[in-house]
Amino acid sequence: MRTVRGSLRVWNGIALGTALVLGVGVVSGVLHKPKNDPDSVVAQFVGALNAHDVDAAADLTSYPSAAKASMKQMFDALEPEKVDFDVNQVISLGPDSGMFNAAATWDLGKDRTWKYNVDGWVRKLSVGWRVSWNPQTLAPGIGNGRTLRLDRTDAAPPTVFDIAGVPLMTEQRINAVKLDPATMPDPVGTTTRLAKVIEPVAPLITAESMQQDLAAAHGKQVTAVSLRDGDFAVLENDLRAIQGVVIDAQPKLITVDRRVTSPVVDAMRNVWQANRDATAGWAVNAVAPDGTRTPLTGYQGPPGPDIRATLEPHLQLAAEDAVVSVGTPAAIVAIQPSTGALVAVAQNNQASDQGPIAFTGLYPSGSALDLVRTAAAAQNTDVEHAAKELGLALGYKIPGLDQQTATFPSGGPNLMRAASDKKPDDVMVSPFGMALVAAAISRGGPTVPVIAAGQPATTTETAPNLPPAVVDQLRGVMRDTVQRGNANLLAGYGDLIGATGGHDDDRWFYGSRGDLAFAVFVQNADGGDQAVKMTDRMFKALAHPPA
């Protein structure tokens, strides 16, 4: 019996302890339960916004689903790095309502800050105090279908001028004529009609080629042709009458003279875009359902400076005339040795199908590198060292332009020391690289290339000028090649000097005349002197007055 009473006392003690623990838990829960009064609810509301916690902030409003949609849209659109809502004042208007004012600061990154003040209401509902949902409590300008959007703003676009200060490229509206399979019940009929309409301006685009593009697009829209405003104005009515044709007009930086086509044109678009990016502004806009925008804040950057390209149009057109004279990939790169200005870069369609080979195409140098080997032998050094003295493989970085001049194999500093050691597959060179070689021989040392005034190439490497005696030796070889050698077709061009070269069926000619250095490359040439003939054609075209 004594044992039982002892057990009872133990169990009573356990029961009492449990009751005390439960009691403490209840009291603790009450003490830590969020307060539900106007000041506390407003503080929790702005705290959730500052923490980017859309769900928590919306749950503290009178209309959570609507609030959440607006908050999510705003945060998604602005992508803030930091949000700071700071409550200025909460005013009681009685036992069931109140109002508050808060200052908001949105840090949108990249030195973009939006500051504003909002007024809001709080009301006591059956579930407790809540922020009365109104989109204007979140930000000005929204509500009634209006949403927020962070937009880039640009000032008037700069003009790209040529080396003589004449407009070379301007931003113009381009009308993309697209084919939409979803609205085209008869693809053959549509493409046949379209080919006939655009034939005066785009004779190479056929119904068959467009049908192939449609088949490859697997139901997506394809662009048949892009037209300048002048051509589009003439053809517009006929184009719009063709079922399945969609017109998409967009601004684009294009050449003033449509005849000018060059890899440099694409590079100048990169330079132009970098100019715009550096001066771009921004705006937070309230966008109505009909697309109308109301600016709420932002900064309009100033117009960027106009750009001076180094292209010389007359020489460019002469180079273009020359490269189209062959049916295999061909390219010409011309440089002003005294300044490094790339004054002409042309390649034909066969070359363009492979990409901007004038700058990025690497080909076995073969005998085209004989002058570099001669320079190496004259100085008792390796070919790679001599190549750098002539501007090859210096790791140039040119704003807006992807390029490479040459690649050398591994093998140590004594690689290809002798001029007679010809390993044509060892060193790969680009037309741009060989033009730099021609410019260096003309100048007496490496020239720093440039495609836009004030933005020369940079490199972490340096190379000394060639010894004058070596320069004279190389020029003498080049002079003999033109006057008495296998480039004597060019002997009538006065002070023109140059060198030929090749590997298998590829042909090179590079040289200089006055303050003009150049390289001509023909891949899979039909005939041993195709590069020389192309050079002759370029200088003949250059002799005619500009059109």
Exercise for the section: Find the residue count for region 486-536, including only residues that are on the phi < 0 side of the Ramachandran plot, among the charged types (D, E, K, R) and touching a residue at least 60 places away in the same chain (Cβ under 8 Å). Expected result: 4
Problem - Candidates ALA525, ALA519, filtered to the one that is crowded, with 21+ Cβ neighbours inside 10 Å and under 17 Å from GLY391 (Cα atoms) - result: ALA519
Exercise for the section: Take the residues in region 81-118 that are of a type in the set (A, V, I, L, M, F, W, C) and surrounded by fewer than 15 Cβ atoms within 10 Å (Cβ to Cβ), then tell me which one is nearest to ARG149 (Cα to Cα). Expected result: ALA103
Exercise for the section: Output the strands (runs of 3 or more DSSP E) that fall wholly within region 69-142 and possess 2 or more residues being free of Cβ contacts under 8 Å to residues at least 40 places away in the same chain and not basic (Lys, Arg), or say none. Expected result: 82-92, 97-107, 113-125
Problem - From the options GLN243, GLN250, residue that is in a strand (DSSP E or B), surrounded by fewer than 19 Cβ atoms within 10 Å (Cβ to Cβ) and on the phi < 0 side of the Ramachandran plot - result: GLN250
Exercise for the section: Go through ALA207, ALA267 for me and flag whichever is closer than 24 Å to PRO158 by Cα and either modelled with pLDDT of 95 or more or acidic (Asp, Glu) (or both). Expected result: ALA267
Handout entry: Total residues in region 53-80, condition among the polar types (S, T, N, Q), touching a Leu at 6+ places or on another chain (Cβ under 7 Å) and surrounded by 19 or more Cβ atoms within 10 Å (Cβ to Cβ)
Key = 1
Completion exercise
When every residue in region 154-165 that is surrounded by 14 or more Cβ atoms within 10 Å (Cβ to Cβ) and out of contact with any helix residue (DSSP H, G or I) (no Cβ under 8 Å at 6 or more places or on another chain) is compared, the one farthest from ALA288 (Cα to Cα) is ILE163
Practice task
Pull up region 168-208, narrow it to residues that are among the hydrophobic types (A, V, I, L, M, F, W, C), without any contact (Cβ under 8 Å) to a residue 24 or more places away in the chain and more than 25 Å from ARG259 (Cβ to Cβ), then point me to the one that is surrounded by the fewest Cβ atoms within 10 Å (Cβ to Cβ).
Solution key: VAL188
Fill in the blank from the handout: Across region 342-376, the tally of residues that are of a type outside the set (A, V, I, L, M) and assigned to a strand (DSSP E or B) stands at 3
Practice task
Within region 456-469, identify whether any single residue is in contact with a Gly (Cβ under 9 Å, 6 or more places away or on another chain), surrounded by 19 or more Cβ atoms within 10 Å (Cβ to Cβ), in the same structural domain as ALA319 (by TED's automatic domain parsing) and not in a loop (DSSP other than H, G, I, E, B), and answer yes or no.
Solution key: no
Practice task
Would you mind stating whether LEU342 is over 21 Å from ALA267 (Cβ atoms) and touching a Leu at 6+ places or on another chain (Cβ under 8 Å)?
Solution key: no
Handout entry: Check on ILE332, in contact (Cβ under 8 Å) with a residue 40 or more places away in the chain, surrounded by fewer than 18 Cβ atoms within 10 Å (Cβ to Cβ) and assigned to a strand (DSSP E or B)
Key = no
Handout entry: Residue in region 119-153 that is farthest from MET99 (Cα to Cα), counting only those that are touching a helix residue (DSSP H, G or I) at 6+ places or on another chain (Cβ under 6 Å) and surrounded by fewer than 17 Cβ atoms within 10 Å (Cβ to Cβ)
Key = ARG149
Problem - Selected residue (criterion: surrounded by the most Cβ atoms within 10 Å (Cβ to Cβ)) from residues of region 381-390 that are part of a loop (DSSP other than H, G, I, E, B) and modelled with pLDDT under 95 - result: ASP382
Completion exercise
Checked region 277-287 for anything exposed (fewer than 14 other Cβ atoms within 10 Å of the Cβ) and either of a type in the set (A, V, I, L, M) or touching a residue at least 12 places away in the same chain (Cβ under 8 Å) (or both); matches are ALA278
Practice task
State whether the residues of region 510-533 include one that is of a type in the set (D, E, K, R), modelled with pLDDT of 95 or more and in a strand (DSSP E or B).
Solution key: yes
Practice task
Scan (1) touching a helix residue (DSSP H, G or I) at 6+ places or on another chain (Cβ under 9 Å); (2) on the phi > 0 side of the Ramachandran plot; (3) not basic (Lys, Arg) for the single condition GLY298 breaks and write down its number.
Solution key: (1)
Handout entry: Sole residue being touching a residue at least 40 places away in the same chain (Cβ under 8 Å) and within 34 Å of the chain's Cα centre (by Cα), chosen from GLY366, GLY355, GLY340
Key = GLY340
Problem - Some residue of region 400-410 being in contact (Cβ under 8 Å) with a residue 60 or more places away in the chain and under 19 Å from ALA439 (Cβ atoms) - result: yes
Completion exercise
Taking region 209-234 and keeping only residues that are crowded, with 17+ Cβ neighbours inside 10 Å, of a type outside the set (A, V, I, L, M, F, W, C) and either in a strand (DSSP E or B) or not assigned by TED's automatic domain parsing to the domain that holds LEU179 (or both), one is left with SER226
Handout entry: Where a residue in region 418-447 is β-branched (Val, Ile, Thr) and its partner, wherever it lies, is surrounded by fewer than 24 Cβ atoms within 10 Å (Cβ to Cβ) and at pLDDT below 95, with Cβ under 7 Å and at least six apart
Key = VAL427/PHE408
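The values are calculated or read from the model by the stated rules, or taken from the named source; none is laboratory data. In this text, all values refer to a predicted model and were calculated from it rather than measured experimentally. Cβ: placed from backbone, ideal geometry, glycine included. Neighbour counts: every protein chain shown.
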